[in-house]
Amino acid sequence: MSNLASLKLVASKKPRSIAPVQHRRNKMGAKLWEQIQLAKSQMEGTVFAPLKYRTVIDRETGIRRQVELPKRVKPWWWVSQEGKVCVSVKYGSYTIELARGKPSVEVASANDLIKTLETIKVAVEAGELDAQIDAASNTLRSGFRGK
């Protein structure tokens, strides 16, 4: 009992599920992490290809098996007509407005692009974009209800 006495015991249980707001933040954070890694790999001249699992059925035997395939990650940034790099944040296929009427951020260079994506990721994790993410989530879900 002396070993257990040295520990701080509490009456807390692990939650069975997380709140929907936190789930959306985690989802957006994961997508922003992918964009940061994609930007870093493009700066270094390497290929960023995370793997995903896909179930395929062998035509001859009919057996299902899981195969690792590279996941396609599309960049959220582009070069504007002025030669500046612009980046927008997406939730699914929906572009999130960071401020009213302003869905993108203009940056000067690739280094600034990575810093900007990291700043947006911190803002998402802090809950600063919860209202915009919730609106995008509701818009996306409404497209699936009528089918």
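Per-residue answers, yes or no, for (1) surrounded by 14 or more Cβ atoms within 10 Å (Cβ to Cβ); (2) polar (S, T, N, Q); (3) closer than 22 Å to residue 30 by Cβ:
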position: 46; (1), (2), (3): no, yes, yes
position: 88; (1), (2), (3): yes, yes, yes
position: 100; (1), (2), (3): no, no, no
position: 113; (1), (2), (3): yes, no, yes
position: 116; (1), (2), (3): yes, yes, yes
position: 120; (1), (2), (3): yes, no, yes
position: 132; (1), (2), (3): yes, yes, yes
position: 138; (1), (2), (3): no, yes, yes
Could you please give the count of residues in segment 81-105 that are touching a Ser or Thr at 6+ places or on another chain (Cβ under 7 Å) and more than 16 Å from residue 38 (Cα to Cα)?
6
Specify which of the listed residues (139, 119) is of a type in the set (Val, Ile, Thr), assigned to a helix (DSSP H, G or I) and more than 16 Å from the chain's Cα centre (by Cα).
139
Go through (1) free of Cβ contacts under 8 Å to residues at least 60 places away in the same chain; (2) closer than 20 Å to residue 118 by Cα for residue 32 and report which single condition fails.
(1)
What pairs come up if the first residue lies in segment 82-93 and is on the phi > 0 side of the Ramachandran plot, the second is surrounded by 13 or more Cβ atoms within 10 Å (Cβ to Cβ) and outside any loop (DSSP other than H, G, I, E, B), and their beta carbons are under 9 Å apart, counting only those six or more places apart or on different chains?
92/136; 92/137; 92/139; 92/140
Restricting the first residue to segment 100-115 and requiring it to be under 11 Å from residue 86 (Cα atoms), which pairs with a second residue that is in a helix (DSSP H, G or I) and of a type outside the set (D, E, K, R) meet a Cβ separation below 8 Å and a spacing of at least six or different chains?
105/116; 105/120; 107/113; 107/116; 110/39; 110/42; 110/43; 113/39
Odd one out for residue 67, checked against (1) over 22 Å from residue 25 (Cβ atoms); (2) of a type in the set (A, V, I, L, M); (3) touching a Cys at 6+ places or on another chain (Cβ under 8 Å):
(3)
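Here are some residues: 24, 64. Which one is in contact (Cβ under 8 Å) with a residue 24 or more places away in the chain and not polar (S, T, N, Q)?
Numbers: 64 fails: in contact (Cβ under 8 Å) with a residue 24 or more places away in the chain.
From the options 24, 64, the qualifying one is 24.
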Could you list, in sequence order, the residues of segment 56-115 that are in a loop (DSSP other than H, G, I, E, B), under 19 Å from the mean Cα position of the chain (by Cα) and among the charged types (D, E, K, R)?
71, 72, 74, 97
Checking 47, 10 in turn, the sole residue that is over 25 Å from residue 121 (Cα atoms) and either touching a strand residue (DSSP E or B) at 6+ places or on another chain (Cβ under 8 Å) or assigned to a loop (DSSP other than H, G, I, E, B) (or both) turns out to be 10
Among what's in segment 70-86 and is exposed (fewer than 13 other Cβ atoms within 10 Å of the Cβ) and in contact with a Cys (Cβ under 9 Å, 6 or more places away or on another chain), pick the residue that is nearest to residue 117 (Cα to Cα).
78
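Rule-based calculations on the coordinates, nothing more; no lab input. These figures come from a predicted structure and were not determined experimentally. Methodologically, a virtual Cβ is constructed for each residue, glycine included, from the backbone with ideal geometry; neighbour enumeration extends over all protein chains shown.
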